[in-house]
1. Can you confirm whether LEU232 is of a type outside the set (D, E, K, R) and under 19 Å from GLY63 (Cβ atoms)?
2. Looking at (1) among the aliphatic types (A, V, I, L, M); (2) more than 12 Å from the ligand (Cβ to nearest atom); (3) closer than 28 Å to GLY122 by Cα, which is the only condition ALA77 fails?
3. Report the residue count in segment 276-328 for those that are touching a Pro at 6+ places or on another chain (Cβ under 9 Å) and among the small types (Gly, Ala, Ser).
4. Is segment 321-328 home to any residue that is open to solvent by less than 30 Å² (accessible area, probe 1.4 Å), touching a Phe, Trp or Tyr at 6+ places or on another chain (Cβ under 9 Å) and assigned to a loop (DSSP other than H, G, I, E, B)?
5. Quick check on my filter: what residues within segment 262-291 are of a type in the set (S, T, N, Q), surrounded by fewer than 24 Cβ atoms within 10 Å (Cβ to Cβ) and touching a residue at least 40 places away in the same chain (Cβ under 8 Å)?
6. Where in segment 333-414 are there helices (runs of 4 or more DSSP H), lying wholly inside it, with at least 3 residues that are open to solvent by 60 Å² or more (accessible area, probe 1.4 Å) and outside the structural domain of ASP238 (by TED's automatic domain parsing)?
7. Could you say which residue among ALA60, ALA80, ALA73, ALA38 is under 21 Å from PRO323 (Cβ atoms) and either open to solvent by 20 Å² or more (accessible area, probe 1.4 Å) or assigned by TED's automatic domain parsing to the domain that holds ASN246 (or both)?
8. Which condition from (1) more than 21 Å from TRP130 (Cα to Cα); (2) surrounded by fewer than 21 Cβ atoms within 10 Å (Cβ to Cβ); (3) polar (S, T, N, Q) is the one that GLN305 breaks?
Amino acid sequence: MRKLTLTMTAAAFVGSAGLAAADDVEVLHWWTSGGEAAALNVLREDLAGQGIGWQDMPVAGGGGTQAMTVLRARVTAGNAPTAVQMLGFDILDWAAEGALANLNDIAAANNWDEVVPEALQGFATYDGEWVAAPVNVHSTNWVWANAGILEELGIEQPGTWDEFVAAMQAAQDAGYVALAHGGQAWQEATIFDSVVMATGGPDFYQAAMIDLDEEALGSDTMVEVFDRMAVLRGFVDDNFSGRDWNLATAMVINGEAAFQVMGDWAKGEFLNAGQTPGEDFQCFRFPGTQDQVIFNADQFAMFDQGGEVSAQQAALAEAILSPSFQIAFNRVKGSVPARTDLDVSELDACGQQGYVELQAASASGNLFGSFAHGHASPAAVKNAIYDVVTAHFNGEYDSAAAVEELVLAVSIAQ
Ligand code: GAL
């Protein structure tokens, strides 16, 4: 008993004080669900194969808001982790502060300029320097469905908003939870990504969420977006408040709920539960966004430890973008590779569809950064919009008031 206590204390001390062995990397991330942890393990084992140890620094909370708060505290205390999972504008913000290590040598040796999609390079480079290594491309405009429920109720995959509403109504009438959802601001924001795109189309999404155009933010179309959010709210069960996203996914997996609107990290949960796409569950684009891809890419930024990038940081960055790792990791994570040059025949049907759609959307100008996951605006604006979307979802505002608050919140946050 005594020995166990001592061991645990020692382990906790090493983790929190950053006294990792020189050969270790300390990795701050928010991958704590079953599917996420399984994917992270692929990375950990890849590094272990190279003799590099892993100090885990998980900070639970989908979307990474809490992880970013912990990161800020660590850096302020002069104790930055070696490597940090990060999204979009957060990477650029830290790069602007001069906190990130320069990965140009690794990028040049491995041809990142050629193989990493341009949209990702926009967030992985700053002032001509590579400052992060993209590990995947996720996208948020997906719906996940329990195949058994759809079959039992004779529901076809919905292709339009009206069909989606009718499908959810049928599921609710039959006694199922129509829409599995966790009441957390980032989850409501994730649905908002799709609803804005489906309701207003790509030009509207660009104007409102990326350009933050006041007219678009305050428009009648945005009122309709909020009206649709209220419709979705009507299909959520009574216990949604505070529920983690993976528990909502579990409701679809277990046959308690028919649908979930969530990024393709949800697929990692289905796979982790031994389910197969097309048989046990279905994946399809949020109705009305079939031609668009709303993306977010997880990247690992290396914090400057004073001096050159360390051998361990270099090894981690190199491993992350290696072709074999990209396939092995993304198969488990639910995302698609962050390289354009890979044979993805080993991905499952949803993954192959996602990869083809990503390339098509990129070629046709239909690829947009996710507002909810930090690829449309800096954190201050993102968080301000989160607050309005979530307050409306919880009944604090009607749609017209929400639009007014949205315009105000964005103008203050900018
Ligand atoms: C996203 C992240 C994904 C997934 C999700 C839920 O922000 O990009 O990798 O982990 O959060 O935790």
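1. Details: of a type outside the set (D, E, K, R): yes; under 19 Å from GLY63 (Cβ atoms): yes.
Here the answer is yes, as LEU232 does meet what is asked.
2. Going through the list (1) among the aliphatic types (A, V, I, L, M); (2) more than 12 Å from the ligand (Cβ to nearest atom); (3) closer than 28 Å to GLY122 by Cα, ALA77 breaks only (3).
3. Selection size over segment 276-328: 1.
4. Among the residues of segment 321-328, at least one is open to solvent by less than 30 Å² (accessible area, probe 1.4 Å), touching a Phe, Trp or Tyr at 6+ places or on another chain (Cβ under 9 Å) and assigned to a loop (DSSP other than H, G, I, E, B), which makes the answer yes.
5. Result: ASN272, THR276, GLN282, GLN290.
6. Details: elements: 349-363, 379-393, 399-413.
So the answer is 349-363.
7. Within the list ALA60, ALA80, ALA73, ALA38, the selection yields ALA38.
8. (1)
The values are calculated or read from the model by the stated rules, or taken from the named source; none is laboratory data. Computed from a predicted model, the values in this text were never measured in an experiment. No Cβ is skipped: glycine too gets one built from the backbone with ideal geometry, and neighbour counts run over all protein chains shown. Protein only, heavy atoms only, side chains kept; ligands, DNA and RNA dropped before computing areas. Shrake-Rupley method; radii C 1.70, N 1.55, O 1.52, S 1.80 Å.
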